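The values are calculated or read from the model by the stated rules, or taken from the named source; none is laboratory data. Keep in mind that this is a model prediction, so the values were computed, not measured. All Cβ positions, even for glycine, are placed from backbone atoms using ideal geometry, and neighbour counts span all protein chains on display.
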Amino acid sequence: MTLTQDLREALGDENVLEEPVELHLFSKDASLMRGEPSVVVFPANANETAAVVRIAERHRVPIVARGAGTGLAAGASPTQGGIVVVTTRIKDIEIDVENRTAWVGAGVINLDLSVAAKPHGLYFAPDPSSQSACTIGGNVANNSGGPHCLSEGSTTSHVLGMEAVLTGGEVVVLGGAAPDPIGLDLKGALVGSEGTLGIVTRALVRLLPIEPDVRTLLMDFATVEDAARTVSDVIAAGVVPAALELMDQEMVRAVDNWLGAGLPIDAAAVLLAEVVGETEGVVAQSELISDIGRQNHATGVQVAADDDERALLWLGRKSAFGAIAQLAPDYYLHDAVVPRTRLVEVMTGIYGIAEKYGLTMCNVFHAGDGNLHPLIAFDSSDPEMNRLVHEAGDEIVALCLKAGGALSGEHGIGIEKRDLMRASFSELDLDAQARLKEVFDPAGVFNPTKVLPEGSRCFDFGGVRRELPDGVWV
Ligand SMILES: Cc1cc2nc3c(=O)[nH]c(=O)nc-3n(C[C@H](O)[C@H](O)[C@H](O)COP(=O)(O)OP(=O)(O)OC[C@H]3O[C@@H](n4cnc5c(N)ncnc54)[C@H](O)[C@@H]3O)c2cc1C
């Protein structure tokens with residue numbers, strides 16, 4: 001039987017797409033890189049996913065897991081063709097109120113989990129700005145962060161266990177509700193593995209109690225440096241707010257033009273800070289943050305008066321990338337992390353790079369954890385512009401790495417940053433990661449060519465390095 005005949009028999013005709021126009025819809029994620037899938041399938045559970053994996057291994061075709069396709073590193077782009085496995089039918093949520101945990105289907109939308117947990121006074125802390133679309137499976141695979149991960153940690157801190165489909169279609173449960181389970185932390189290997197080791201079908205996640213009180217502050221500054229310095233000073237003062245986000249003027253103007261929220265469009269930068277907890281602590285912390293802002297020459301400090309005002313501020317922040325459509329048809333978004341104490345100099349350097357290349361750049365980022373998102377607005381149909389944007393991007397990454405930063409804060413490596421991995425990892429590091437990949441995926445079907453650069457497997461088991469044609473080392 002052909003590949004699609006096998007898949008139709010396993011999943012039913014209605015869960016297999018192969019018309020060119022349908023395939024095209026699944027040809028890319030939210031990055032700019034595209035591939036063409038051979039076929040797109042929608043399994044309903046782990047057993048159906050296992051059947052797909054066995055079929056893929058039998059036909060020796062790649063499998064690309066896909067949640068909502070909001071990834072920004074081309075992780076879900078089927079650049080080698082093959083089967084795109086969309087998890088959106090796996091969307092059961094089982095909440096265990098007593099233990100404050102939930103088993104969640106990989107295809108559940110992030111925000112839907114917190115909405116389901118709210119009546120129990122609980123929520124799921126990782127809140128990527130894409131949370132109204134992205135899935136739990138995508139969050140786990142990318143170890144996603146979000147504005148409120150500053151105090152609570154990114155997705156990995158909230159995943160206790162998972163059900164996953166591995167090579168041969170084996171369905172396993174890794175980790176579990178017990179704290180510190182014995183044995184190797186295989187769950188830890190899958191979190192952040194970007195679909196290269198297997199497919200997560202369900203995750204056991206931690207839910208947190210909704211805090212009794214909250215204050216959201218908006219501070220505006222005449223320079224980006226003052227805003228960035230406020231960020232380091234707040235953390236140095238011993239306060240870890242729930243969120244600490246920075247938007248520069250270009251970004252504030254784009255957001256306000258669309259939202260009409262009355263944001264301070266004349267400010268060079270605004271800081272959005274949120275503190276949560278018991279009222280007494282929340283009031284004290286918001287006063288301290290305001291004072292630190294003023295010491296750094298904040299020109300305005302406002303506290304959201306009520307839930308509606310707070311929701312409007314967060315809508316502005318979380319819709320920032322979308323607002324860029326007013327400036328240009330495309331954007332190229334970087335995601336690097338630098339030590340918080342280097343924020344001021346790195347920001348200055350990034351603006352210098354944009355100026356040198358004559359590019360329109362906006363910045364909106366999780367400043368509290370030093371996670372930068374320089375965003376270049378441009379028209380990707382212009383080849384010269386494409387070249388400049390990518391050159392500028394490489395300079396930005398190099399600047400961040402030189403400042404002691406990391407390649408990605410939360411968006412993952414995918415293909416986007418794959419060839420830059422050598423700038424962060426030694427040959428031995430990459431070899432160790434490639435060996436792990438081989439153990440999990442001996443058939444080489446799970447999201448091939450993603451994350452690890454070609455030639456990562458540089459030593460054989462005896463420690464001797466061999467070179468294949470075309471400079472590929474194994
Ligand atoms: C407007 C916007 C704002 C964003 N804001 C943030 C943010 O604040 N923080 C942040 O961290 N990210 C952010 N992102 C990036 C993106 O939303 C996250 O990486 C998100 O977790 C991806 O989820 P998804 O369901 O869309 O995954 P996809 O894009 O479909 O897939 C992402 C990767 O995960 C793999 N994958 C997906 N599902 C599975 C599975 N079940 N098993 C194994 N592998 C799987 C895919 O193969 C791919 O490599 C943003 C993106 C956009 C467009």
For this session: Would you be able to say whether some residue in segment 125-133 is touching a Lys or Arg at 6+ places or on another chain (Cβ under 7 Å) and hydroxyl-bearing (Ser, Thr, Tyr)?
Result: yes
For this session: Mind telling me which of the residues Ala398, Ala432 ends up being modelled with pLDDT of 90 or more and either away from the ligand (no atom under 16 Å from the Cβ) or part of a helix (DSSP H, G or I) (or both)?
Result: Ala432
Exercise. Does Ala377 count as buried (at least 16 other Cβ atoms within 10 Å of the Cβ), at pLDDT below 90 and either in the same structural domain as Leu246 (by TED's automatic domain parsing) or closer than 24 Å to Gly146 by Cα (or both)?
Worked result: no
Exercise. Can you find even one residue in segment 161-178 that is within 14 Å of the ligand (Cβ to nearest atom) and of a type in the set (D, E, K, R)?
Worked result: yes
Seminar exercise, completed: Of the candidates Gly316, Gly322, Gly349, the one satisfying the condition of being surrounded by 15 or more Cβ atoms within 10 Å (Cβ to Cβ), within 16 Å of the ligand (Cβ to nearest atom) and within 30 Å of Ser381 (Cα to Cα) is Gly316
For this session: Please go through segment 138-148 and pick out each residue that is near the ligand (Cβ under 8 Å from one of its atoms) and at pLDDT below 95.
Result: Gly145, Gly146, Pro147
Exercise. Of these, Glu22, Glu9, Glu57, Glu18, which one is acidic (Asp, Glu) and over 27 Å from Ala73 (Cα atoms)?
Worked result: Glu9
For this session: Quick one: in segment 96-110, of everything that is within 16 Å of the chain's Cα centre (by Cα) and in contact (Cβ under 8 Å) with a residue 40 or more places away in the chain, which residue is nearest to Ala125 (Cα to Cα)?
Result: Ile109
For this session: Please work out if Thr70 is polar (S, T, N, Q) and more than 14 Å from the ligand (Cβ to nearest atom).
Result: no
Exercise. Val104 is checked against (1) under 30 Å from Tyr332 (Cβ atoms); (2) in a strand (DSSP E or B) and fails just one. What number does that condition carry?
Worked result: (1)
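Based on this model, can you work out whether Gly412 counts as more than 16 Å from the ligand (Cβ to nearest atom), in contact (Cβ under 8 Å) with a residue 24 or more places away in the chain and either in a loop (DSSP other than H, G, I, E, B) or not aliphatic (A, V, I, L, M) (or both)?
Working: more than 16 Å from the ligand (Cβ to nearest atom): no; in contact (Cβ under 8 Å) with a residue 24 or more places away in the chain: yes; either in a loop (DSSP other than H, G, I, E, B) or not aliphatic (A, V, I, L, M) (or both): yes.
In short, no.
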For this session: At least 3 residues that are within 30 Å of Phe124 (Cα to Cα) and at pLDDT 95 or above in each: list the strands (runs of 3 or more DSSP E) lying fully within segment 1-95 that qualify.
Result: 63-66, 83-86
Exercise. Just wondering, is there one or more residues in segment 198-206 that are closer than 15 Å to Val140 by Cβ, at pLDDT 95 or above and assigned to a loop (DSSP other than H, G, I, E, B)?
Worked result: yes
Problem set entry | Selection count, segment 187-205, where residues are crowded, with 18+ Cβ neighbours inside 10 Å and away from the ligand (no atom under 12 Å from the Cβ) | 3
Problem set entry | Candidates Ala164, Ala133, Ala116, filtered to the one that is modelled with pLDDT of 95 or more, within 30 Å of Glu57 (Cβ to Cβ) and hydrophobic (A, V, I, L, M, F, W, C) | Ala164
Exercise. For segment 328-341, does any single residue satisfy the condition of being within 13 Å of the ligand (Cβ to nearest atom), under 23 Å from Ser31 (Cβ atoms) and free of Cβ contacts under 8 Å to residues at least 24 places away in the same chain?
Worked result: no
Problem set entry | Residue among Val41, Val108 that is within 12 Å of the ligand (Cβ to nearest atom) and buried (at least 17 other Cβ atoms within 10 Å of the Cβ) | Val108
Problem set entry | Gly414 vs. criteria at pLDDT 90 or above and on the phi > 0 side of the Ramachandran plot | yes
Exercise. β-branched (Val, Ile, Thr), surrounded by fewer than 20 Cβ atoms within 10 Å (Cβ to Cβ), under 20 Å from Leu7 (Cβ atoms) and within 13 Å of the ligand (Cβ to nearest atom): does that describe Thr88?
Worked result: yes
Seminar exercise, completed: Selection from segment 121-137 of residues under 13 Å from Val159 (Cα atoms) and either surrounded by fewer than 24 Cβ atoms within 10 Å (Cβ to Cβ) or within 6 Å of the ligand (Cβ to nearest atom) (or both) yields Ala125, Gly137
